[in-house]
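Input: a single structure, listed below in structure tokens.
Each value in this text was obtained by applying a stated rule to the coordinates, not by laboratory testing. Everything numeric here is computed off the predicted structure, so don't read it as measured data. Using ideal geometry, Cβ is built from the backbone for each residue, glycine included, and neighbour counts are taken over all protein chains shown.
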């Protein structure tokens with residue numbers, strides 16, 4: 001499977017919805033999209049990982065690099081990970097749990113919550 005990244009705007013937020021496999025081959029595309037948003041002056045980014053079916057360490061590395069980039073320019077990065085019971089999000093939740101990186105990110109259950117249009121942040 002390949003990777004698709006769809007961009008949308010929700011208020012001040014740029015939402016990048018990532019679908020497919022986030023791995024060594026596809027992760028540079030996510031990096032490129034995040035850098036393009038920052039280069040265009042957008043500092044508030046949501047990465048919606050709801051439809052990511054597989055993620056390896058390269059994918060996690062891109063997420064951490066995106067966090068670092070946005071932090072360095074005074075921006076904000078939020079991730080969308082469905083609740084652990086959701087079939088679509090279970091892989092990403094397992095990866096984040098196994099690597100202990102969830103605490104590094106602001107995590108929300110859906111894009112509405114991440115952009116301020118829904119319930120508050122999920123707890124780690």
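Which peptide among 24-35, 2-13, 59-70 comes first, and what is the full order, when sorted by highest mean count of other Cβ atoms within 10 Å?
Taking the mean over residues of other Cβ atoms within 10 Å, the ranking is 59-70, 24-35, 2-13.
Give me the percent relative contact order of segment 3-114, please, defined on Cα pairs under 8 angstrom at least 6 residues apart.
25 percent
Could you work out how far apart the two model spin labels at residue 39 and residue 99 are, taking each label as a point 7 Å from the Cα in the direction of the beta carbon, and quote it in nm?
Spacing of the two 7 Å Cα→Cβ label points: 2.5 nm.
What's the whole-number percent of alpha carbon pairs in segment 3-114 lying beyond 20 angstrom?
Result for the distance tail: 31 percent.
Starting from 0 in steps of 5 Å, tell me what percent of the Cα-Cα pairs of segment 22-68 lands in each bin.
Whole-percent P(r) values from 0 Å outward: 5, 21, 33, 25, 11, 4, 0.
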